[in-house]
Amino acid sequence: MIVFMNRIFLLLIPVLLLTTCVQKIGVELPDASEKLVVDGLISTLPGPYTVKLTKTAKYTEGSEGTNFLVSGARVSITDDAGNREDLIEEDLGIYKTQQGGLQGQAGRTYSLSIETAEGKKYQSQPELLKPTTGVENIYYEFVEGAPGKEEGFYVYIDTKDPAATEDYYRWSWVHYEPLVYCFNEMVPPSTTPTVLTCCTNCWEIRRCYGCVNISSDKLVNGSMISRQLLAIVPYTARSKYFLYYEQQSLSREGYKFWKSLEEQSKNVGGIFDKPPASVRGNMSNVADADEIVLGYFGASDIKPGAIRVDRSTVVKNPASPPPINPPSSGPPPPCYPCYESSLRTGITPPLWEE
């Protein structure tokens with residue numbers, strides 16, 4: 001009888017856990033108000049420079065991550081020497097400086113001013129454009145795939161940190177892939193893909209969206225920052241992989257902003273993770289300091305570089321997609337234009353020299 005009762009108790013344990021470990025928790029919903037989002041940068045590279053203005057949607061179920069472009073604003077950049085340039089809205093919510101206009105200089109401070117179509121005025125905190133050193137070494141190593149380890153060519157950089165200064169760094173990269181075919185789609189009623197070559201030189205553009213790659217000299221002041229991971233190049237072909245990269249200086253405030261974004265991106269939703277929050281930048285409403293303004297206007301010294309990763313040195317075969325087979329008979333099909341977009345360009349990439 002005792003054994004029988006023990007078995008019943010063991011069977012009831014899951015039920016008891018489900019029915020007794022439920023606690024009503026009050027959930028605080030995100031702020032429902034719209035917020036201005038600013039994304040802008042001036043640098044030591046020649047312009048034009050871009051400032052993108054968007055506004056978050058009022059919070060409703062399914063609206064998370066939705067932003068609306070802010071058009072009709074007056075946007076200007078000024079420096080501590082009294083220079084000013086008014087930006088032109090080239091597309092909805094996209095404001096640009098003139099070619100050959102204001103250019104960033106190390107040691108100067110820059111501010112961004114915005115007046116929306118509704119008359120609201122916003123101002124950034126003055127942003128110091130700090131100098132940075134260039135990348136001293138760049139190299140790569142092939143790593144085979146394993147549980148928890150992505151397969152590919154790991155690209156590293158070394159950079160020398162100046163002594164007696166407080167320095168902050170950010171790295172970014174862009175991959176440009178030459179295209180042979182600019183159109184490859186199924187066009188009814190045909191049952192085979194229509195493949196059209198590019199009429200002119202054309203490159204596919206690939207970026208690491210959402211990546212935050214930053215560092216400071218807190219632990220290495222005056223020494224070498226070594227084996228800083230820049231990118232992981234996929235082993236999908238044996239061809240060389242062109243990688244354009246930039247090393248950017250950050251102000252202390254800019255570093256704190258990107259560090260906050262990095263910490264949020266690592267939040268995996270565990271019970272001990274910090275809840276997501278709106279990361280405030282260096283912009284504020286002139287008439288209402290309590291209004292939350294998102295994003296950041298930065299100023300950076302940029303040292304660019306490029307590398308071609310030779311993927312033909314690996315013995316194993318690449319995980320390549322099936323090749324495109326153009327028609328083998330009949331007259332050559334017409335070519336297809338290389339339409340400019342954020343994903344494709346007909347303009348020769350920077351430092352492309354072959």
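Percentage of Cα-Cα pair distances in region 80-168 greater than 19 Å, rounded to whole percent? Summing the P(r) of region 80-168 above 19 Å gives 66 percent of all pairs. Peptide packing for 164-171, 124-131, 283-290 was compared via the average number of neighbouring C-beta atoms within 10 Å per residue; ordered from the highest value, the list is 124-131, 164-171, 283-290. Sorted from longest to shortest, the spans of the Cα atoms of region 106-217 along the three principal axes equal 64, 51, 33 Å. Count Lys and Arg as plus one, Asp and Glu as minus one, and take only other residues whose Cβ is under 11 Å from that of residue 75; the net charge is then -1. Evaluated at q = 0.19 Å⁻¹, a Debye calculation over the C-alpha positions of region 165-237 (equal weights, vacuum) places log10 I(q)/I(0) at -0.93.
All of the numbers you see were taken from the coordinates with simple rules; none came from a lab. Small disclaimer: the values here were computed from a predicted structure and weren't measured. Because the Cβ atoms are built from the backbone with ideal geometry, glycine has one as well, and the counts that use them run over all protein chains shown.
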